[in-house]
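Novice: Once you've had a glance at the structure underneath, I'll fire off some questions.
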Amino acid sequence: MLVFTVFTPFVVALFAPLLTRPLGARAGWPLALAFAPSLALVALIPAARSGMPATNSVAWVPGIDLSLAFRADGFSLLFALLVAVIGVLVMIYASAYLGPGERHGRFYSYLLLFGGAMLGFVLSDNLIAMFAFWELTSIASFLLIGFWDERRAAQDGAMKALLITAAGGLALLAAVILLSLAGGSVNLSQLDFAAVREGPLFVPTLALLLLAALTKSAQVPFHLWLPTAMEAPTPISAFLHSATMVKAGIVLLAKFAPLFVLSAWSDGLLYLGLLTMFWGAYSAFKQDDLKALLAYSTVSQLGILTALYGAGYPFAATAHLVNHAAFKAALFLVVGIIDHETGSRSVRELSGLGRKLPLTFAVTVPAALSMAGLPPFGGFISKELFYEAMLRAGTLPIVIAVVGSVMTFAYSLKFLGVFIGPYRCLRPHVHEAPVWMLLPPALLTVLVTLFGTVPWDATLATPMVALAAPALGFDAEALYLWHGLTPALMWSFVTWGVGVLLYAMREPFVNMQRALTPVWNANSLYYAAVAGMERLARLVTLNTQNAPFAAQLRILWGPVALAGIVFGFQALGAYLPTGLTPPPLEFLAAALLVLAGCYGVLVAKTRLSALIFTGLAGLSLVALFVMLRAPDLALTQLLIETVTVILFLSVFRYLPPLTRYRREARTVLLDALLAGSVGLAVFSALLAVQTPVAARIQDFFLERSKTEGGGYNVVNVILVDFRGYDTLGEITVLAIVGMSVYALLKIKTTPVKGEEHGDG
Amino acid sequence: MDINWLVISPPLVLLITASVGVLMGLSFRSTRPVALLSLLGVLVALVLNAQLFGRSEPLSAFGLRYQADTSALAFNTLILLGTALVLLVSFDALERGLGGSEYYPLMLLSATGGMVMAAAGDFITLLLGLEILSLAVYVLSAWRPNARESEEAGMKYFLLGAFASAFLIYGIALMYGATGHFTYARVVEQLQAQAFTQTALATLAGAFILGGLAFKAAFAPFHQWSPDVYTGAPTPVTAFMSVVVKAAAFAALLRVFALVYPNLNGALTQALVVLVALTLIIGNLAALTQRSVKRLLAYSAVAHAGYLGLALLAADTDGGARAVIWYLTAYTFMNVGAFAVLSLLTDRNDRGDDVERFAGLGKTRPYLAFAMTLFLLSLAGIPPLAGFIGKIFVFQAALQAGYTVLAIIAILTSVVAAFYYVRLISVIYFREPEYAEVGSKSAMTGVAIAVAALATVALGVVPGWWYGLLGVGRQLLAGF
């Protein structure tokens, strides 16, 4: 069932274009059915509540325990239902929102792809599969942000979002592999958290895991991708970038809380979350664009969730997670309506819309007030829980929380401000949105209101939050609107009071904010980082690419030279035969001549002189062979020398004059050192091979040359008898070489006509 | 001496086809008959190779010098598949102006060498395979008529390759000096013996062999040749080098790293760690700055050698060895696919491979654009494509073997990689077309692209089948 639930949206996504062709945007209606199986997950609630969650698994790669194992525990189920409900609403909304000229097929396919990926992510029990779905959500997000691909900002936003979340995703991959190695299982439900905590790689594991969570959930300083992600169509912003995908990181924190709660990491997350909360709210207040305001507001609210889950308050966090998803999605959809009807999203251009759009206004009020944290709406209850938690956490946390909430209150009023006051709008005829655009936010608003007014009801807020209790290991309390005169409530009064003041003073305050804005921010850091990466890349490329041939050779020979230096002397000591007698003088003379020939090649100015020096070295070698009483070797060598010289001479006439490149003294020294070390390596290698490791084979031939080969000349017998086939092969090779040489010499060199030069 | 004809039949068929192809090429003006013959030969070899899979008895020929174990059979499957795809890509590209039907026999000879390398059970066979493989490729790199950079590519590759072979030969000679044997099994036996004293020499030998093979596998800083040669060579040949030559090099590396290196000085493993780290960093960063797609793919190929190297470090575990083969499987399809798309966009003489060629491809040639996107996403390791599963195997093997830092470097560089792959995708879809007439069409190349695209998806969605096959029956590497 779970597998079916997760894969239905994927399969439907493939066929979405078939439906959009005849139906256009209205295809959203039938396509919304893709979420029907996930809505049916409601049936699994009793099982989840009893602590025996439904599971379902399909083997994927048996070899490494990679299976698509799904597990519908309470928390996952809660989130999956959230995804399904908002998904359906967004599809219906989009059917009215999208204009006739849009690429509907692509839009719905991407949206369903995302829906499936998100469901897969929350329901996955297998860590690797969880990672795969996580990455898929990033890809879907990339595609949807870049949906209006002719806009430059959309391209930039899409790329930025992908880079940051995909980087986090790869960190997650490493984290889950480390987790499964240390925790003894690839399934989350069977992971031994204690073993992971005590493992030697606990710190990198957790750091990688948190990096993934914080990038995905847009925590400071990774928050920068979320505001620019708002280039996506508004239904997408509502669905991905406020209600579901950005909470994937939060889900990760919630699920892996046992790893870090009650440690220093927990404090770190608390303050990071609060910092994000403050910074998001502060920035949101500054915005004129309603969508940007909501984007920063989302950053801020994600900060609250990080602080709560991070510091170990899953109950308050889960309550807020549900509330936030509902009111923020509603508000985004409202912004979509405003944009759709008035053609603007700017606070400066819009005012008094309540008169022309009374229904939209009615939908907005509860949602905005819930965001502000006013009773009797859901947001109030979860904000009280947040305050209580922060009061327990200490003085500094509650102060930051209150300051952040004051700004939250103020920007919520600012949002509502476009509906009140004198009517102002750029477009002359403004009327209510189609019913199918109004209904989805209206439904969410009703939920928001019911969460606040009847929170203890057996079918609403309390049981919803309680559903997550067994999975996250907290004691579910009942949610109440009235808690009595608690310190938290006192702080709420302070919040509202100062918040109203702040809203009244918004002009000077925003001006002050503008004046205080530093020239750099997370965004400029991002661009600097990208530019820095490019610079570094260019530097690396310049220094490694197109190295001249000589430099490439130096690199190639470098390791051998190194080996020569490191092992060469050692090898000399081990393999140099002892008891050597000095060679006769004439040997020395011949050897010196060989050396002289080699040196001559190095300094020769023309090819011909170099050839002559090669000949000198070769012929001296022949002399050495003669002295060592090896006439056959000498003869062979002589023959080779002659052939080589003839061959060289015959091709020299095709070659341009020899050019010698100047080398600096430093390079010459380096090359000499390189050559010396390589020589040492080769010499020690030769010595080593002289040492007999196997039985000597000479005696075998000496014994049997006469009896079995019938000849006294052992060398001849070997050549024509013992290794006759070898000789035959060699003769064949020689014949082929001879023919090739003949063919080469016969080629007439005609200059190539119209030789093109490479562009490469 | 046991010559097990059945076991050596796959490379033998290629050899015979190549010889027949040379003669046949003389009697036709078109290159197509030889191309079809070559394709037939490869397919027959593929069938012969496939029927060896899953046999329970150990398969070898020439007294353990040719080992047809699971690893060899798997690598040979890859080499043959890669060759078949490249033959399809060459089919029309050659007719368009590259000319010369000797091209196909040379390619088959090279593939034969690769197969011998993959199955080599001793150092001499390895060297033989390597030379057969390389010599043909040197010639093929210089195949573009009247193109300076192609001639340069061939010459450069030949000269540097000759040095690399020299390394390998010295290494082998030293190993023989230290142990008195060429066969891996006997060498290992010697190395493990109590009385063995030539440790220093064996280590030196190991260093030489590593250097020679690292050159072929294009590990930084021995990668210098590969971008130049990849760019200069005709695109189908580049595709061939990037998959078949690489597969053969890694087949050899896998065997020596799994069998011989664990018995040598640990410094060699550390050396490989350094090489892998350098490869990952240099390959990915250099790819980032390229304007030519061919060169970008060349550096991306270098970078992928880094990921393969990561798994190679864990070669002595079953997971590591399988990861190398699996990753190469994914890599073969996605890389040939990408080069095949590129080959349809370049000029008659295979010129013009800058990024602008891809601008607006999404509008002008949507199917080609979609396939290219698929290959690029897979190269970037995006689920649920083949490259993604490959990355998981590789990371898992590396982390299991304890290379945490290296894995983290790999992850960071993967982000860089995602950047340049996705940037190319955004050029395909977000930019307006800049070239009025976009490249050529070819049904055969289309078939290759389709096969590669299907395999890229299939390997990602159902990776279990091939992965399971790698573990069937016998051990992956004989003598494990």
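The values are calculated or read from the model by the stated rules, or taken from the named source; none is laboratory data. Just so it is clear, the structure is predicted and the values come from calculations on it, not from any experiment. Every residue, glycine as well, gets a Cβ built from its backbone with ideal geometry; the counts of neighbours run over all protein chains shown. For accessibility, only protein heavy atoms count, side chains too; no ligands or nucleic acids. Shrake-Rupley method; radii C 1.70, N 1.55, O 1.52, S 1.80 Å.
Novice: Hull surface divided by four, with the convex hull built on the Cα atoms of chain A: how many nm²?
Specialist: Numbers: hull surface 205.0 nm².
If I average the Cα hull's projected area over directions, I get 51.3 nm².
Novice: Please compute the average number of Cβ atoms from other chains found within 10 Å of each residue's Cβ in peptide A:170-182.
Specialist: 5
Novice: If each of residue B:124 and residue A:730 carries a label point 7 Å out from its Cα toward its Cβ, how far apart are those two points in nm?
Specialist: 1.5 nm
Novice: Related question: Do the sum for chain B: with -39,500 (n - 2.57) for every DSSP H run of n ≥ 4, divided by all residues, what is the mean residue ellipticity at 222 nm, to the nearest 500 deg cm²/dmol?
Specialist: -24000 deg cm²/dmol
Novice: Also, quick follow-up: Run the simple label-point estimate for residue A:267 and residue A:29 please: 7 Å along Cα→C-beta, distance reported in nm.
Specialist: 5.9 nm
Novice: Also, quick follow-up: By per-residue mean of other Cβ atoms within 10 Å, what is the highest-first order of A:5-14, A:571-580?
Specialist: A:5-14, A:571-580
Novice: A further question on this structure: Leaving ligands, DNA and RNA out of it, work out the accessible area of residue A:704 with a 1.4 Å probe and give it in Å² to the nearest 10.
Specialist: In the full protein context, residue A:704 sits at about 80 Å².
Novice: Ok, one more. Report, by chain and number, residues whose modeled amide H sits under 5 Å from the one on residue B:120, excluding near sequence neighbours (fewer than 5 apart, same chain).
Specialist: B:67
Novice: Going through region B:279-360, which trypsin sites (Lys or Arg not before Pro) have at most 10 other Cβ atoms within 10 Å and a DSSP loop state?
Specialist: B:291
Novice: From the convex hull of the Cα coordinates of region A:277-431, what is the mean projected area in square nanometres? Don't jump to the answer; show the numbers that get you there.
Specialist: On the way: hull surface 32.6 nm².
It is 8.1 nm².
Novice: Assuming a ≥ b ≥ c are the square roots of the Cα gyration tensor eigenvalues, decide whether region B:317-459 counts as rounded (a/c under 1.5), prolate (otherwise, with a/b larger than b/c) or oblate.
Specialist: Values: a/c = 2.76, a/b = 1.88, b/c = 1.46.
Prolate, because a/c is 1.5 or more and a/b exceeds b/c.
Novice: Specify the angular offset, from 0 to 90 degrees and rounded to the nearest 10, of the alpha carbon long axis of helix A:585-603 from the longest principal axis of the alpha carbons in chain A.
Specialist: That works out to roughly 50 degrees.
Novice: Next question. When only alpha-carbon atoms are used, what values of Rg and Dmax, in angstrom, describe region A:396-500?
Specialist: Rg and Dmax of region A:396-500, Cα atoms, are 18.7, 56 Å.
Novice: What is the Cα convex hull volume of region A:551-640 when expressed per residue in Å³?
Specialist: Taking the convex hull of the Cα positions in region A:551-640, it is 148 Å³ per residue.
Novice: Return the whole-Å distance between the Cα centroid of region B:141-216 and the Cα centroid of region A:623-679.
Specialist: Taking the Cα centre of region A:623-679 as reference, the centre of region B:141-216 is 23 Å away.
Novice: Let me ask something else. Fully extended, how many nm does the chain gain between residue B:20 and residue B:465 (0.36 nm per residue separation, minus their Cα-Cα distance)?
Specialist: 156.6 nm
Novice: Cβ neighbours within 10 Å, averaged per peptide: list B:277-283, A:716-722 in order, most packed at the top.
Specialist: Ranked from most to least packed, the peptides come out as B:277-283, A:716-722.
Novice: Okay, next question. Quick one: grab Rg to one decimal and Dmax as a whole number for region A:49-175, Cα atoms only, in Å.
Specialist: 16.6, 51
Novice: So if we plug the beta-carbon distance of residue B:36 and residue A:648 into 1/(1 + (r/R0)^6) with R0 = 51 Å, what FRET efficiency do we get, rounded to 0.05?
Specialist: Values: r = 43 Å, r/R0 = 0.84.
Using R0 = 51 Å, I get an efficiency of 0.75.
Novice: What is the spin-label model distance, in nm, from residue B:62 to residue A:549 if the labels are put 7 Å beyond Cα along the C-beta direction?
Specialist: If labels sit at residue B:62 and residue A:549, their model points lie 3.3 nm apart.
Novice: I would also like to ask the following. For region B:5-469, what is the relative contact order in percent, using Cα pairs closer than 8 Å and at least 6 residues apart in sequence?
Specialist: That works out to 15 percent.
Novice: Hey, another quick one. May I have the extent of the alpha carbons of region B:5-469 along their three principal axes, as whole Å values ordered from largest to smallest?
Specialist: Principal axes ranked by extent give 73, 54, 42 Å for the Cα atoms.
Novice: Show me A:167-176, B:461-470, B:22-31 ranked by packing, highest mean number of other Cβ atoms within 10 Å first. Please list the in-between numbers first.
Specialist: Working: A:167-176: 26.4, B:461-470: 17.4, B:22-31: 13.5.
Descending mean neighbour count gives A:167-176, B:461-470, B:22-31.
Novice: P(r) tail for region B:1-57, what percent of Cα pairs lie past 16 Å?
Specialist: Every Cα pair in region B:1-57 considered, those over 16 Å come to 49 percent.
Novice: To continue, here is another question. Inside 10 Å of the C-beta atoms of B:200-208, what's the mean count of C-beta atoms belonging to other chains?
Specialist: The mean count of partner-chain Cβ atoms within 10 Å per residue comes to 6.
Novice: A further question follows. Percent relative contact order of region A:350-462, based on C-alpha pairs within less than 8 angstrom and at least six residues apart? Please report the intermediate quantities before stating the final value.
Specialist: Numbers: 132 pairs, mean separation 50.5, N = 113.
Here the relative contact order equals 45 percent.
Novice: Calculated FRET efficiency, residue B:351 and residue B:53, Cβ-Cβ r, R0 41 Å, to nearest 0.05?
Specialist: The computed FRET efficiency comes out at 0.45.
Novice: Still on this structure: Can you give the extra length, in nm with one decimal, that the chain gains between residue A:349 and residue A:528 once fully stretched, where that is 0.36 nm per residue apart less the Cα-Cα distance?
Specialist: 61.1 nm
Novice: Just tell me how shielded A:536-549 is by partners: mean number of partner chain Cβ atoms within 10 Å of each residue's Cβ, no decimals. All intermediate terms of the calculation are to be shown ahead of the outcome.
Specialist: Values: counts 5, 12, 4, 2, 9, 9, 2, 2, 12, 9, 3, 4, 0, 8.
So the per-residue partner count for this stretch is 6.
Novice: Scan chain B and report its longest stretch carrying no GluC sites (Glu not before Pro) that are both in a DSSP loop and have at most 14 other Cβ atoms within 10 Å.
Specialist: Answer from the scan: B:1-433.
Novice: Quick query: amide H of residue B:349 versus all other amide H atoms, modeled in the peptide plane; which residues come in under 5 Å with a sequence gap of 5 or more or a different chain?
Specialist: When sequence neighbours closer than 5 places are left aside, there are no close amide H contacts.
Novice: Largest first, please: the extent of the C-alpha atoms of region A:615-713 along each principal axis, to the nearest Å.
Specialist: 63, 36, 23
Novice: Which ³J(HN,Hα) values in Hz, rounded to whole numbers, follow from the phi angles of region A:729-734 under the Karplus curve 6.51 cos²θ - 1.76 cosθ + 1.60, where θ = phi - 60° and Gly and Pro get x?
Specialist: In residue order, the calculated couplings are x, 4, 4, 4, 4, 4 Hz.
Novice: Evaluate region B:208-250: find the radius of gyration of its Cα atoms, find its Kirkwood radius, and give the ratio Rg to Rh.
Specialist: Taking Rh as the inverse mean 1/r over Cα pairs, Rg/Rh reads 0.98.
Novice: If exposed means no more than 12 neighbouring beta carbons inside 10 Å and the site is in a DSSP loop, what's the longest run of chain A without any exposed GluC sites (Glu not before Pro)? Let's see the in-between values first.
Specialist: Details: sites that count: A:150, A:664, A:755.
Maximal segment without exposed cleavage sites: A:151-663.
Novice: For chain A, what does the relative contact order come out to in percent, with C-alpha contacts under 8 Å and a separation of six or more?
Specialist: Relative contact order of chain A: 9 percent.
Novice: So, how do all the Cα-to-Cα distances of region A:476-597 break down into 10 Å bins, in percent, from 0 on up?
Specialist: Whole-percent P(r) values from 0 Å outward: 8, 11, 15, 12, 11, 8, 8, 11, 6, 5, 5, 0.
Novice: Quick check on region A:536-594: take the gyration tensor over C-alpha atoms, sort the square-rooted eigenvalues as a ≥ b ≥ c, and tell me if it's rounded (a/c under 1.5), prolate or oblate.
Specialist: It is oblate, given that a/c is not under 1.5 and a/b is not larger than b/c.
Novice: Within region B:5-469, how many Lys pairs sit with Cα atoms under 25 Å apart, leaving out pairs fewer than 8 places apart on the same chain?
Specialist: Lysine pairs, 8 or more places apart or on different chains, close enough: 12.
Novice: What per residue convex hull volume, in Å³, do the alpha-carbon atoms of region A:142-240 yield?
Specialist: 101 Å³
Novice: Check cross-link reach from residue A:328 to the lysines: straight Cα distance under 25 Å, and skip same-chain residues fewer than eight apart.
Specialist: A:160, A:216, A:247, A:255, A:286, A:291, A:356, A:383, A:414
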